[in-house]
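The values are calculated or read from the model by the stated rules, or taken from the named source; none is laboratory data. Every value quoted in this text rests on a predicted model; they were computed, and no experiment measured them. Glycine also receives a Cβ, built like all others from the backbone with ideal geometry; neighbour counts cover every protein chain displayed. All accessible areas refer to the heavy atoms of the entire protein, side chains included, with ligands and DNA or RNA removed. Shrake-Rupley method; radii C 1.70, N 1.55, O 1.52, S 1.80 Å.
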Amino acid sequence: MLKSQDVFRVFEPYRRDAIVTTSGTAGRNWQEFSKAPARDVSLGSAMGQTTSAAFGLALGLPDEKIVLFDSEGALLMNLGVMASIAGKAPKNFVHFVLDNEVYATTGGQPVPNNKNIDYAGMAKSMGYCSTYHFDDLEEFATNVQGIMNDEGPVFVWIKIEAEIENMPVGMREARRSRSRPETIKDLRTELGIS
């Protein structure tokens, strides 16, 4: 299994000017690596809805590459969106799923059937153009440039180590993040949308 920080470190040089959004506990680590925060879409606390939001960005901004770092727990809450993504086939959409097999934010409860789900197989059977599965950092590093050059929708399933949070929410270390209105304003400014 990989560490999410290593995934982000390897990915970042291939980001170019893609718009990136994340979900889940692991996704919070992206802000440590992003070199273009105005192109990061923060949807904090949108578990189960981030996939749909990123899909909407891909449809609404067809000339922009949209990258989602999803979590398997969030994706399972809205699995039907994968069929919609495959059906509309946005060429500019890259859908990563960082699978740690648990609900890390709420204490590490196991995701149902976490050892048996083949997320890349599901994406392929639903009609994603390209699907990948990685549990080795070197293999991911070798393929990330090709993934970012593939025509979408592209699906990438990566097994990662869990970063379980057991402290009560009010006692956790606060991470700076922009509010949704700030995120929207920054992205509109970045894209020249008035």
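Numbers for the structure displayed
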| item | result |
| --- | --- |
| Residue match in the range 63-74 (condition: outside any helix (DSSP H, G or I), touching a helix residue (DSSP H, G or I) at 6+ places or on another chain (Cβ under 6 Å), open to solvent by less than 50 Å² (accessible area, probe 1.4 Å) and not hydrophobic (A, V, I, L, M, F, W, C)) | yes |
| Candidates Y119, Y128, Y132 - the one that is farther than 22 Å from I19 by Cα and hydroxyl-bearing (S, T, Y) | Y119 |
| Matching residues, the range 24-62, being closer than 23 Å to A86 by Cα, open to solvent by less than 40 Å² (accessible area, probe 1.4 Å), of a type in the set (A, V, I, L, M, F, W, C) and modelled with pLDDT under 80 | L43, A46 |
| Selection count where residues are buried (at least 23 other Cβ atoms within 10 Å of the Cβ) and either farther than 23 Å from E64 by Cβ or in contact with a His (Cβ under 9 Å, 6 or more places away or on another chain) (or both), scope the range 1-23 | 1 |
| Any helices (runs of 4 or more DSSP H) falling wholly within the range 113-193 and containing at least 1 residues that are surrounded by 15 or more Cβ atoms within 10 Å (Cβ to Cβ) and at pLDDT 95 or above | 119-126, 137-149 |
| From the options V94, V144, V111, residue that is in contact with a Pro (Cβ under 8 Å, 6 or more places away or on another chain) and touching a residue at least 24 places away in the same chain (Cβ under 8 Å) | V94 |
